[in-house]
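Asker: One structure, pasted below without further comment.
The values are calculated or read from the model by the stated rules, or taken from the named source; none is laboratory data. Since the model is a prediction, treat every value here as computed from it, not as a measurement. Quick reminder, even Gly has a Cβ in these numbers, built from the backbone with ideal geometry, and neighbours come from all protein chains shown. Areas reflect the complete protein model, heavy atoms only, side chains present, ligands, DNA and RNA absent. Shrake-Rupley method; radii C 1.70, N 1.55, O 1.52, S 1.80 Å.
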Amino acid sequence: VPPGEYRVSRPLIMQPYVAVNGEGMASVIQKTTQASGPSLQRSLPNRDVSDKYDVDCIIAVDRPRTDLKFSQDVEIKDVRLRGFSSCTGQREDRNTYGLYAPRLLRAQIDGVTASEVQVGFHFKEVIVSELRGCRASRVEVGFEIPDVSTGGGTSLTLTSCYASDVDRCGYRLRGLSYSTLVGCACDHANKERTGGGYLLDVCHGLTLSSCG
């Protein structure tokens with residue numbers, strides 16, 4: 001993704017083993033509508049759980065084969081995801097998600113910024129993956145793992161990530177195990193008085209080092 005503004009009317013759907021690389025803040029993917037993704041439903045092998053992709057997001061990470069439990073080896077680096085509300089200036093026009101990735105294995109997400117959406121980064125079950133230098137701003141929730149029933153994930157590392165201008169929670173992590181936040185920060189959070197900087201729910205084995 002060379003420097004420039006790339007306008008999309010529907011979510012971009014990524015597949016496993018695919019990389020998206022930009023040039024930092026100069027590479028902007030701008031969503032111009034509140035349109036949802038395709039009506040896809042991915043079941044999990046041997047589990048009564050499924051993932052839906054008909055959501056309003058900017059990038060969604062799919063796993064097209066139903067025998068794949070995770071989207072494997074996805075890489076997203078140095079791009080800026082900007083929501084529809086930046087066009088209208090109206091908070092109610094925020095897209096639901098910046099990055100929507102229900103299940104990730106060995107993912108590398110570096111230098112990605114999500115703004116003007118409800119949730120910057122949404123994961124459901126993420127394993128052996130890393131977010132480095134990612135940022136969420138002008139959002140309701142910055143970094144989210146909301147689902148305890150299917151397992152939040154394990155062995156996730158967040159390094160130098162930042163949430164700012166947040167209505168509710170900077171980091172809302174549920175059901176996460178044996179994971180580390182290093183040098184992460186959150187400013188101007190909990191504007192609606194319903195969250196906080198860090199909400200760690202039903203987690204165990206978490207380490208926070210030099211976080212603010």
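Asker: Just the residues that are at pLDDT below 90 and of a type in the set (Lys, Arg), please, taken from region 49-85.
Answerer: 52, 63, 65, 69, listed by residue number.
Asker: Here is a list of conditions, (1) in a loop (DSSP other than H, G, I, E, B); (2) in contact (Cβ under 8 Å) with a residue 40 or more places away in the chain; (3) touching a Lys or Arg at 6+ places or on another chain (Cβ under 7 Å); (4) of a type outside the set (S, T, N, Q), and residue 35 meets all of them except one; can you say which number that is?
Answerer: Residue 35 satisfies every listed condition except (2).
Asker: Continuing with this model, one more query. Run down 99, 68, 104, 81 and say which single residue is among the hydrophobic types (A, V, I, L, M, F, W, C) and either open to solvent by 10 Å² or more (accessible area, probe 1.4 Å) or farther than 26 Å from residue 157 by Cβ (or both).
Answerer: 68
Asker: I'd like to check something: does region 47-55 contain any residue that is open to solvent by less than 40 Å² (accessible area, probe 1.4 Å) and closer than 23 Å to residue 115 by Cβ?
Answerer: yes
Asker: Then there's this: Kindly indicate whether residue 156 is open to solvent by 10 Å² or more (accessible area, probe 1.4 Å), among the hydrophobic types (A, V, I, L, M, F, W, C) and on the phi < 0 side of the Ramachandran plot.
Answerer: no
Asker: Return the pair list, or none, for Cβ contacts closer than 6 Å from residues in region 163-175 that are of a type in the set (Val, Ile, Thr) to residues that are open to solvent by 10 Å² or more (accessible area, probe 1.4 Å), at least 6 apart or on different chains.
Answerer: Note: pairs meeting the criteria are 166/189.
Asker: Output the qualifying pairs, or none if there are none: Cβ atoms under 6 angstrom, residues six or more apart or on different chains, first residue in region 150-161 and within 15 Å of residue 105 (Cα to Cα), second residue open to solvent by 40 Å² or more (accessible area, probe 1.4 Å).
Answerer: Correct list of pairs: 152/174; 154/178; 155/128; 155/178; 157/180.
Asker: Here's something else I'd like to know. Looking only at residues that are among the hydrophobic types (A, V, I, L, M, F, W, C) and at pLDDT below 90 in region 32-46, which one is most open to solvent (accessible area, probe 1.4 Å)?
Answerer: Checking each candidate, the answer is 40.
Asker: May I pose another question? Considering only region 87-114, how many residues are over 17 Å from residue 128 (Cα atoms) and touching a strand residue (DSSP E or B) at 6+ places or on another chain (Cβ under 7 Å)?
Answerer: Matching residues across region 87-114 total 11.
Asker: Hey, can you tell me all the residues within region 174-212 that are open to solvent by less than 10 Å² (accessible area, probe 1.4 Å), modelled with pLDDT of 95 or more and aliphatic (A, V, I, L, M)?
Answerer: 181
Asker: Of the numbered conditions (1) open to solvent by 10 Å² or more (accessible area, probe 1.4 Å); (2) under 10 Å from the mean Cα position of the chain (by Cα), residue 111 fails exactly one; give the number of that condition.
Answerer: Residue 111 satisfies every listed condition except (2).
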